Amino acid sequence: MVDRLLVTILGIDHVQVAAPPGGEAQARAFYGALLGLEELPKPEPLRARGGCWFRAGTHELHVGVEEPFAPAGKAHPGFVVDDLAALTGRLRGEGIAVTLDDTIPGVQRAYVADPFGNRLELRQA
């Protein structure tokens, strides 16, 4: 057992979602161009594995290649956005299905799927 007084988790550095081999262009189009996340250079020793990394505020989103690939239907990252209505409108305009969710009183949020079928939560700041 770890002595809780000697070890402190300070936060979350990154969250990873999976993509099939060769999905980097789709990931860049969705996470970079559509969601507006800044792409980060992947460290040289990891580049051969495929995938790409993005900045989401002070955290990172890593899109990692997985074979065999299966999208995450329940597990998901949750993004905080400054204008949920504008972003969901942009996504709908691109033909992406948006599911609004008002089950938590006072919280505006929506669910979408990335191009690979991974579930994502979008939450109004």
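The values are calculated or read from the model by the stated rules, or taken from the named source; none is laboratory data. All figures in this text were calculated on a predicted structure; none of them were measured in a lab. Here Cβ is always computed from backbone atoms with ideal geometry, including for glycine, and neighbour counts include all displayed protein chains. These area figures cover heavy atoms from the full protein model, side chains too; ligands, DNA and RNA do not enter into them. Shrake-Rupley method; radii C 1.70, N 1.55, O 1.52, S 1.80 Å.
If the requirement is being surrounded by fewer than 17 Cβ atoms within 10 Å (Cβ to Cβ) and either in contact with a Leu (Cβ under 7 Å, 6 or more places away or on another chain) or of a type in the set (A, V, I, L, M) (or both), which of these qualifies: Leu37, Leu10?
The match here is Leu10.
Anything in region 7-33 that is aliphatic (A, V, I, L, M), part of a helix (DSSP H, G or I) and within 12 Å of the chain's Cα centre (by Cα)? List them, or say none.
Once the filter is applied, which keeps residues that are aliphatic (A, V, I, L, M), part of a helix (DSSP H, G or I) and within 12 Å of the chain's Cα centre (by Cα), region 7-33 yields only Ala27.
Conditions tested, residue by residue: (1) surrounded by 15 or more Cβ atoms within 10 Å (Cβ to Cβ); (2) modelled with pLDDT of 95 or more; (3) of a type in the set (Val, Ile, Thr).
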{"residue": "Gly23", "(1), (2), (3)": "yes, yes, no"}
{"residue": "Arg55", "(1), (2), (3)": "no, yes, no"}
{"residue": "Leu61", "(1), (2), (3)": "yes, yes, no"}
{"residue": "Gly73", "(1), (2), (3)": "no, no, no"}
{"residue": "Ile96", "(1), (2), (3)": "yes, yes, yes"}
{"residue": "Thr103", "(1), (2), (3)": "no, yes, yes"}
{"residue": "Val112", "(1), (2), (3)": "yes, yes, yes"}
{"residue": "Ala125", "(1), (2), (3)": "no, yes, no"}
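Could you list, in sequence order, the residues of region 71-120 that are in a loop (DSSP other than H, G, I, E, B), in contact with a Ser or Thr (Cβ under 9 Å, 6 or more places away or on another chain) and among the aromatic types (Phe, Trp, Tyr)?
none
Applying the selection to region 40-53, what residues are open to solvent by less than 50 Å² (accessible area, probe 1.4 Å) and touching a strand residue (DSSP E or B) at 6+ places or on another chain (Cβ under 8 Å)?
Within region 40-53, Leu40, Lys42, Gly50, Gly51, Cys52, Trp53 meet the criteria.
For the structure I just gave you, tell me whether Arg123 is among the basic types (Lys, Arg), within 15 Å of the chain's Cα centre (by Cα) and in a strand (DSSP E or B).
Judged against the criteria, Arg123 is a match.
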